[in-house]
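Engineer: Below is the structure I would like to discuss, written out as structure tokens.
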């Protein structure tokens, strides 16, 4: 159905993905007209109006972006060895197509981490995408998150399958690094809250749950929810990202390339230092244990 005159039109890229598939119905519930962009609209069975588009092919973007007020950008290529170049090219092309289509705001879900840190290739790429999306002049609202917990999310599925498949674990020293996990429902709440919000145009916000946890603590809490007990975990000083990714791909269904790209980021502490999002989008995020319980129930 076409939008009514008073409705804002929102394009969600990655509409079939982990976050996008949850965000589309939330935006519709808030009275927005949503276009769900996918490379295969003929097989799309979610909510919203399916539209064909591929961020890696700029020639396909004019039609889905025509008449759009806000574009939500939820695309990345972690499963590709050359993901940095691919993501940069896609972001640059999308920004140009957005300004040509008259888009007023781009909303982007990026990664936590201080700009001064020695960022991993994954987090460095997220920063570059932030910059390139806005290079053409459309205001970008960035939400930076660490691990997002929910059924179907790569980081969560890796955690769940490790806990379910191993009676004990040997983990590298990066497993002691602190992070600030957030439930996917809270990510969707924050994303929906900044869509079309003019005071959020051009702003960057950090989002996270209420707890700062090490990866070991996350594994232990997940084990308590899933198995009803903690699992023995031993930390070893030398276990490279390459070796870790092969171990992950052997124990879980996460492929080696994706696993390596994620693991390279896990040595960087990623915690929320700016809580200004709470003033913009009110609401108390759920605890990690509650996020795990919901993820298990959804699975």
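Engineer: Contour minus end-to-end for residue 234 and residue 269, with contour as 0.36 nm per residue of separation and end-to-end as the Cα-Cα distance?
Structural biologist: This chain segment gains 10.6 nm when fully extended.
Engineer: Neighbouring Cβ atoms within 10 Å as the yardstick, rank 268, 273 fewest first.
Structural biologist: Least crowded to most crowded, the residues run 273, 268.
Engineer: If you don't mind, there's one more thing I want to ask. Residues of the stretch 156-172 with the amide nitrogen closer than 17 Å to a label point 7 Å from the Cα of residue 224, along Cα-to-Cβ, please.
Structural biologist: Label zone hits: 160, 163-164.
Engineer: Just how far, in whole angstrom, is the stretch 186-204 from the stretch 148-181 if you go by their alpha carbon centroids?
Structural biologist: A separation of 28 Å, based on Cα centres.
Engineer: Quick one: go through the stretch 134-174 and flag any residue whose amide nitrogen is under 11 Å from the point 7 Å out along the Cα-to-Cβ line of residue 296.
Structural biologist: 164
Engineer: Between residue 178 and residue 276, what is the label-to-label distance in nm when each label sits 7 Å out along the Cα-to-Cβ direction?
Structural biologist: A separation of 2.2 nm, rounded to one decimal place.
Engineer: Continuing with this model, one more query. Taking the convex hull of the alpha carbon atoms in the stretch 87-182, what volume per residue do you get, in Å³?
Structural biologist: In the stretch 87-182, the Cα convex hull volume per residue is 128 Å³.
Engineer: Once fully extended, how much extra length lies between residue 100 and residue 135, figured as 0.36 nm per residue of separation less the alpha-carbon to alpha-carbon distance?
Structural biologist: Stretched fully, the residue 100-residue 135 segment lengthens by 11.3 nm.
Bear in mind these aren't lab numbers, they're just calculated from the coordinates by the rules spelled out. Note that the structure is predicted; figures quoted are calculated from it, not measured. When we count neighbours, we look across all protein chains shown, and the Cβ atoms used for this are built from the backbone with ideal geometry, even at glycine.
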